[in-house]
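Trainee: My questions will all concern the structure given below.
Taken together, the values in this text are just the output of simple stated rules run on the coordinates, not laboratory data. Note that the coordinates shown come from a computational prediction; the quantities given were computed from them, not determined experimentally. Heads up, the Cβs are rebuilt from the backbone with ideal geometry, glycines too, and the neighbour counts pull from every protein chain shown.
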Amino acid sequence: MKTEKEIHQHRKDEHLSLAYKYWREEKNQTSGLTFSDSRIIPNSLPELSTEKINFSSEVFGQNFEFPFYIEAMTGGTERADKINRQLAEIAKNQHLAMAVGSQSIALKFPELSAGFSEVRKIHSSGFLFANIGAGHSLENAKRAVDMIEANALEIHVNTAQELPMDEGDREFYWLENINEIASQLEVPVIVKEVGFGISQKTFKALAKTSVSGINIGGAGGTNFAWIERKRSKNGFNLDEFGLSTLESLLEAKMADNRKSLIATGGITSAQEIFKSLILGADLSSSAGFILKNLMQTGPEKVEEVIEQWKQDLNKLFVLTGSKNIEECRKVELLYSTNMLNFIQQRK
């Protein structure tokens, strides 16, 4: 008979295996809008050089020299801790921020916190995001931050993950608790969706709270409802549920969102990072794409991909005559018919 800790650890490793399978089999599709639904209008006379570009982003009291970080994935098992060590090394070498996976397992079993703490030992001067679920107390939020000496906290909201899970939560009263944590914690708090996007209604609800940022976690990245359905017996299918990353960025605009904005959910290229910035994101991040490349080709290849993204993003700024992110916001996009239809409906 497995102990409760072993059951939790087994679930963590199942999540890793299924997330890798999901990306390896290229299931990361969305029925919603994708970044290809927007096209960049050319600027043939940019009057700019690659040496004059500054695509750093000032957000959460920090200067991010590249507007991208490694998104939350895992932690709490031997296999997961090894992956976190590798990710921390990549983040350190590439001067990237990094989020750890949900620390709930280490809050429940403190002996597992060492694996999370190693991330700070490796990436000693880096910007780190702690990570807990929205049902956790202020005290647990403080413990999660202290565990990795985090610079910020991601609170993940994951109703669409919990419901297909046989052992998942069935009560979701989170807003007041999120606001309490955000108003009393000493570091910035970011609310993060886990793959189903953020609607205007949610942006407006979060506008009334003390959270510092919103991570849209759109469909098109890892689908945790699919992962939980593969693990469960209840068969609740949400494969086509949610708003895509692009749709969530549009929802943010229509909701007049003033919180710092992070674009996550199927980010796989510098051009997608660039379009996210044009549409209002302050940062972008990726988990599943990084995980797939890490497990298929190793850390060195992941670093090569990130280096290529940096070079590509620099060129995209030049291509559009944008010296910095503020100017990037003025770049014109051509919208597809589907994108125009979405905007019309959602207005």
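Trainee: Once fully extended, how much extra length lies between Leu45 and Glu326, figured as 0.36 nm per residue of separation less the alpha-carbon to alpha-carbon distance?
Mentor: 99.3 nm
Trainee: What length, rounded to one decimal in nm, is gained on full extension from Ala207 through to Lys92, with 0.36 nm per residue of separation minus their alpha-carbon distance?
Mentor: 38.1 nm
Trainee: Pick from Phe109, Phe129, Phe66: which is most flexible by mean-square fluctuation in a GNM of the chain where alpha carbon atoms under 10 Å apart are linked?
Mentor: Fluctuation is largest for Phe109.
Trainee: Can you order the peptides 33-44, 221-232, 336-347, 188-199 by their average number of other Cβ atoms within 10 Å per residue, highest first?
Mentor: 188-199, 221-232, 33-44, 336-347
Trainee: With +1 on the Cβ of every Lys and Arg and -1 on the Cβ of every Asp and Glu, and nothing else charged, how large is the dipole of region 24-144 about its Cα centre, in debye rounded to the nearest 20?
Mentor: 340 debye
Trainee: Highest GNM mean-square fluctuation, the chain, Cα pairs closer than 10 Å: which of Gln94, Gln86, Gln296?
Mentor: Gln296
Trainee: Among Ile122, Asn341, Ser38, which residue has its Cα furthest toward the positive end of the charge dipole of the chain, with +1 on Lys/Arg Cβ and -1 on Asp/Glu Cβ?
Mentor: Asn341
Trainee: Same structure, new question: Grab the beta carbon distance between Arg346 and Asn177, set R0 = 35 Å, and tell me the FRET efficiency rounded to 0.05.
Mentor: The calculated FRET efficiency here is 0.80.
Trainee: Please get the size of the charge dipole for the chain, origin at its Cα centre, with Cβ charges of +1 on Lys and Arg and -1 on Asp and Glu, quoted in debye to the nearest 20.
Mentor: 400 debye
Trainee: Run the helix sum for the chain: -39,500 (n - 2.57) per DSSP H stretch of 4+ residues, divided by residue count, reported at 222 nm to the nearest 500 deg cm²/dmol.
Mentor: Counting only the DSSP helices, I get -13500 deg cm²/dmol.
Trainee: From the backbone phi of region 180-187, what are the Karplus-calculated ³J(HN,Hα) couplings (6.51 cos²θ - 1.76 cosθ + 1.60, θ = phi - 60°) in whole Hz, Gly and Pro given as x?
Mentor: 4, 4, 5, 7, 10, 6, 7, 10
Trainee: Follow-up. For Thr222, what residues show an amide H to amide H distance below 5 Å, using hydrogens built from the backbone and excluding near sequence neighbours?
Mentor: Counting only residues 5 or more places away or on other chains, the set is Gly266, Gly288.
Trainee: Suppose each label sits 7 Å from its Cα in the direction of the beta carbon; what would the Asp13-Glu307 distance come out to in nanometres?
Mentor: Computed distance between label sites Asp13 and Glu307 equals 3.4 nm.
Trainee: Rounded to the nearest Å, what's the spacing between the alpha carbon centres of region 272-330 and region 23-67? Just the number, please.
Mentor: 5 Å
Trainee: Turning to a different aspect of this structure: Which cross-chain or sequence-distant (5 or more) residues have an amide H under 5 Å from the amide H of Asn131, H modelled 1.01 Å from N in plane?
Mentor: Close amide H contacts, sequence-distant or interchain: Gln103, Glu154.
Trainee: Given H placed on each backbone N at 1.01 Å, which residues far from Tyr69 in sequence or on other chains put an amide H within less than 5 Å of it?
Mentor: Hits under the 5 Å cutoff: Ser284, Ser285, Ser286.
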